[in-house]
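Reviewing the structure listed below.
The values are calculated or read from the model by the stated rules, or taken from the named source; none is laboratory data. This is a predicted model, so every value here is computed, not measured. Here the Cβ is made from the backbone with ideal geometry for all residues, glycine too, and neighbour counts use every protein chain on show. Ligands, DNA and RNA are stripped out before the accessible areas are found, and what is left, the full protein with its side chains, is counted by its heavy atoms. Shrake-Rupley method; radii C 1.70, N 1.55, O 1.52, S 1.80 Å.
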Amino acid sequence: MKQPGGGASRSTRSARSAGSASVPRRPRAPAVVRHALLRWIVLALAVAVWQLVARAHGSVYFPPPAEIARHAHALWFSGPARHVFLTDAAVADILPSLGRMTAGFALAAVVGIALGVAVGRSRRAYALCNPVLQFARAVPPPALVPVFVVIFDFGTPMQIASIVFSAVWPVLINTAEGARDTDPLRLEVAAVLRLTPAERLGFLVLPSALPRIFAGLRLSLSLSLILMVFSELLPGTANGIGFTLTDAQSRSDLLTVWAALVLLGALGYLLNTGLLAVEKRLVGRGRTPTV
Amino acid sequence: MLRLDTVGQHYGDHQVLHDITLTVPGGQLLCVVGPSGCGKSTLLRTVAGLLPAYDGTITLDGAPVRGVPDNLAVVFQDYARSLYPWLTVRENVALPLRRRGLPRAERRAEADRILAQVGLTDTARRHPWQLSGGMQQRVAIARALVCRPSLLLMDEPFGSLDAQTREDLEDLLLEVHRTDGVTIVFVTHDIDESVYLGDRVVVLSQGPGAKVVLDLPVELPGSRDQITTRGLAEFVALRSEVGRAVRKR
Ligand SMILES: Nc1ncnc2c1ncn2[C@@H]1O[C@H](COP(=O)(O)OP(=O)(O)OP(=O)(O)O)[C@@H](O)[C@H]1O
Ligand SMILES: [Mg+2]
C-alpha cells in the first residue's frame, strides 16, 4: 500500500538535489505531474502507434483510434447538456447495462459478506461449506447462464441472477477466510470487554477482515462486468452494451463494435478505480503494514 | 476477594498448573513470579475465564468463575497486538464502557479523563500503531482501568519497555492501586519489580504441573520510591529470598 509519506520524501529529495548548486539544471515538473505522465505515457504511446499503423493500412477491420473515439462520441456522448451529454442511444444501452451490473454486484457483495462472516466465524460451518464453495468457485461463471435462461427466461432477472451467482463466490470465500483469521488474542480482548456479538462483528471481525473482503470485491467486480456483457450477448436481449456489440456485428458495423469494446475497457477501469478509492479510505485508515 | 482452591489447568495432555491454592484479599497487589513457560499466563487466563474449563474451584467475591466475570480487566502480555489498530486511541479506551450503556459523550469524556491520568492527552485521536511501545502500553492500561474494574489482571505489562518508562509506569500503577483500591494480580518475570510493586509475592515452580513454592508478604516501610526503596536492606533481603525460590527447581 502506498503511504502518503512516500510522495513527501520524494519531493524533499528532489528539492534537495535541485538546491545543490554544483549541478545546474532546469526547473523540474512537480512530482505529481511527472507521476501522471509516467503512468499514462505507455498507454499514449500504444494508442499513437495504433493510430499510425491503422492509418497506414487503411483496413476496415482495424479503424484508427481517433475514428473510434469520434464515432463513440457521436453515438453516445453528443447529447443535450440536460442529459449530461448522453444521447438516446447511450440512455437506451449504457444505463441499463450499468444498472444491472450495479444491482448484481451490490447484491453479490451483501450476500457474500453476510454469508462469508457466518461461514468464517463458525469452525463447523467452515468445514462443512468449504468443499461446496471451492466447487462452486471452480465452475466457469458463464457456464451457469444457460441455467438462468431456463429458470428466468431472457431479460433483466436472468441477467442479474447470472451476475450475482458468479460474483458472489469471491467475496464469500475471501470474507470467510478473513473472518476465520481474526486474531485469537483480539477475540479474547472482545470477551474480556464483554462486547455483544454485534459489537464484536462491527469493531473486530469486519475491520480485521476488510482487506480480504476488498480483495474479493475486486474479483467480483470484474466478474460482474464480464457477466454483464456475456448475458447481453445472448439472443433475445433487447438492450445493453453487449446487445450493441452483437447488433453492430450483425450489421458488419465494425466501428461500433470497436467503440463498444473501448467503452467496456473504460468502464472497467473507472469502476475498479472507484472501488480502489473506497478501499483506500476504509482500509488505509488504521492499519500498519505488519498487522 | 479472589479465591483459588486446588486449581489445575492443562492443554490437552499437557498439565500446566497443578494444585494452586491462593486467596487474594480485596485491594491486594499480588505479584506472581516464575520461570518462563511455567504457566503464569495460563493462570491469568484461567482466572479470567478465557479457558473453557479448569480443575478445582475459583471464586471471585464468592461467586464461582464460569466465563469472563464482570468487573474484570486484563492487560495482555502482547499488549500492542491486543489494541484494535483500526480504532483511534480514544475509541480503544472507550470500548469497554459500552457494556455500561453510557451515552457517547460520557464515554468520550471518561476515556479522555483516564488518558490524561496515564499522560496521553495529546494522542487521543491517533491510532495505536502511530505510538511508541511505551505509549501503546499506557493505552492498554488505560483501557483496562477505564471501567474501574474490581479485579485487574496484568501479564508482564512492562516486560519490553526501557528502564525509564518502566519505572514511570510502575509508579503510575502504584498510584492507581492506592487511589482506586483495585485488586491486582501482576505477573512478571522480574524479581526486583515483583518486590517493588507487590504487597505480596507468589513464586511458581518450573512446569509442567507448576505449584506455588513461595508465598511471601512484602512489608516495606513508607510509600515506595524507585531510588530509596530499592536501596533498603529489607528490599534486598526480600529480593534474594524470591530469587532463591525462582532458581530452586
Ligand atoms: N494454547 C496453548 N496450547 C498448548 N499449550 C500451550 C498453550 N499456551 C501455552 N501452552 C504451554 O503451556 C505452558 C505455559 O505457558 P504460559 O504461556 O502460561 O507460560 P508463561 O509462564 O506465561 O511464560 P512466559 O513467561 O514466557 O510468558 C508452556 O509450556 C506452553 O508451551
Ligand atoms: Mg506469559
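Restricting attention to the range A:137-182, which residues are under 16 Å from residue A:229 (Cβ atoms) and among the polar types (S, T, N, Q)?
Those that are under 16 Å from residue A:229 (Cβ atoms) and among the polar types (S, T, N, Q): A:156, A:159, A:162, A:166.
Going by the structure shown, is residue A:225 out of contact with any His (no Cβ under 8 Å at 6 or more places or on another chain) and within 14 Å of chain B (Cβ to nearest Cβ)?
Numbers: out of contact with any His (no Cβ under 8 Å at 6 or more places or on another chain): yes; within 14 Å of chain B (Cβ to nearest Cβ): no.
No: the conditions fail for residue A:225.
Would you please name the residue that is farthest from the other protein chains (Cβ to nearest Cβ), looking only at residues in the range B:77-105 that are surrounded by 17 or more Cβ atoms within 10 Å (Cβ to Cβ) and over 20 Å from the mean Cα position of the chain (by Cα)?
Per the stated criteria, the residue is B:90.
When residues of the range B:36-63 are filtered for being crowded, with 20+ Cβ neighbours inside 10 Å and away from chain A (no Cβ under 14 Å), how many remain?
Selection size over the range B:36-63: 6.
Pairs only if they're at least six apart or on different chains, beta carbon under 6 angstrom, first in the range A:191-209 and more than 7 Å from chain B (Cβ to nearest Cβ), second outside any helix (DSSP H, G or I); list them, first residue then second.
Matching pairs, first to second residue: A:205/A:182; A:208/A:182.
Out of B:183, B:165, B:123, I need the residue that is away from every other protein chain (no Cβ under 12 Å) and open to solvent by 20 Å² or more (accessible area, probe 1.4 Å). Which one?
Testing whether each residue is away from every other protein chain (no Cβ under 12 Å) and open to solvent by 20 Å² or more (accessible area, probe 1.4 Å) leaves just B:165.
When you go through (1) assigned to a loop (DSSP other than H, G, I, E, B); (2) assigned by the TED database to the domain that holds residue B:6 one by one for residue B:84, which number turns out not to apply?
(2)
Collect the residues in the range B:64-76 that are away from ligand 2 (no atom under 16 Å from the Cβ) and open to solvent by less than 40 Å² (accessible area, probe 1.4 Å), keeping them in residue-number order.
So the first thing to find is which residues in the range B:64-76 are away from ligand 2 (no atom under 16 Å from the Cβ), and the list is B:64-73.
Listed by number, the residues that qualify are B:65, B:67, B:68, B:69, B:72, B:73.
Conditions first: (1) open to solvent by 40 Å² or more (accessible area, probe 1.4 Å); (2) over 30 Å from residue B:100 (Cα atoms); (3) in a helix (DSSP H, G or I). Residue A:235 passes all but one, so which condition is the exception?
Here residue A:235 clears every test but (3).
Filter the range B:5-23 for residues that are buried (at least 22 other Cβ atoms within 10 Å of the Cβ) and away from ligand 1 (no atom under 15 Å from the Cβ) and give the result.
Answer for the range B:5-23, where residues must be buried (at least 22 other Cβ atoms within 10 Å of the Cβ) and away from ligand 1 (no atom under 15 Å from the Cβ): there is none.
So, in the range B:21-60, how many residues would count as being within 13 Å of ligand 2 (Cβ to nearest atom) and more than 26 Å from residue B:190 (Cα to Cα)?
Within the range B:21-60, residues that are within 13 Å of ligand 2 (Cβ to nearest atom) and more than 26 Å from residue B:190 (Cα to Cα) number 0.
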